[in-house]
Amino acid sequence: MRRAAGLAALLASLLIAHAAKPSGAFAQDAPAPDSAAVGTVVSDSVAAESLDLSPANAPAADSAATVPTSDVADAQRLDRDRFEWGFAFVQGYFDGLGTFAYRRFLREGGPFQQNIVIEVQGGKKGYLSEGAASLLYLFRPIRTFRPEWRIRPLLEVGPGGHVVVQVADIEGFDDTGFHTRAYGKMHAYAGVEALISRRWGILLRGRFTAPANRPLDYAQAAIFLR
């Protein structure tokens, strides 16, 4: 009986040892798949970093395309204010009048650019002298010109208020007669303006006035400084 019990214990120990060997081998081989997985993840991350990401820059290119060029921006800035010196041929008693004007850009609304013009005129013929001050609110169609053009058509329309003072030297009397009147008219200007440098230019235009007996009452040549 003792020998049988010893043989049974020996067989049981051999079976247990034999069953433990495969689990140990599996435990030794188990890290291999983990290391391979780590290598795959690393290679995937490297590949992602090396991808071409150029499409991400597309919005920057679009935004740059919408930015105006320096020439256009400079022309728009300079056109906001300008002074005009000129000579006008007018219908009436006077052969011509000297003119000085200040033009100020106000805003762009709808299809028009809106400007305000303050103009002073003066002239003398024989015994009569005349001076006038005008305030004009003019609408210029935006589609008729571009700020970067060196030669631009000039089309404007709008109301104007005028104050005119006439002074007469009465012959034979040590006296001077004065006459003043104020009135409002609708005006339309048509002409052309040409830039001769960055700031200087030439202006040629005619004026139609309503109501008036002579609608074409004003033709002007001037130089302007932006």
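Data overview
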quantity	calculated
Any hit, region 214-226, residues being more than 18 Å from Leu136 (Cβ to Cβ) and in contact with a helix residue (DSSP H, G or I) (Cβ under 7 Å, 6 or more places away or on another chain)	yes
Residue in region 178-191 that is farther than 21 Å from Pro215 by Cβ, touching a helix residue (DSSP H, G or I) at 6+ places or on another chain (Cβ under 9 Å) and not β-branched (Val, Ile, Thr) present	no
Qualifying residue in region 210-224 (condition: over 19 Å from Val90 (Cα atoms), in contact (Cβ under 8 Å) with a residue 24 or more places away in the chain and not β-branched (Val, Ile, Thr))	yes
Test: Phe224 is touching a Leu at 6+ places or on another chain (Cβ under 6 Å) and either surrounded by 15 or more Cβ atoms within 10 Å (Cβ to Cβ) or within 22 Å of Val72 (Cα to Cα) (or both)	yes
Residue match in region 93-104 (condition: part of a strand (DSSP E or B), free of Cβ contacts under 8 Å to residues at least 24 places away in the same chain and more than 42 Å from the chain's Cα centre (by Cα))	no
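Quick note: the coordinates plus some simple rules give every number you see, no bench work behind them. No experiment lies behind these values; they were computed from the predicted model shown. Here the Cβ is made from the backbone with ideal geometry for all residues, glycine too, and neighbour counts use every protein chain on show.
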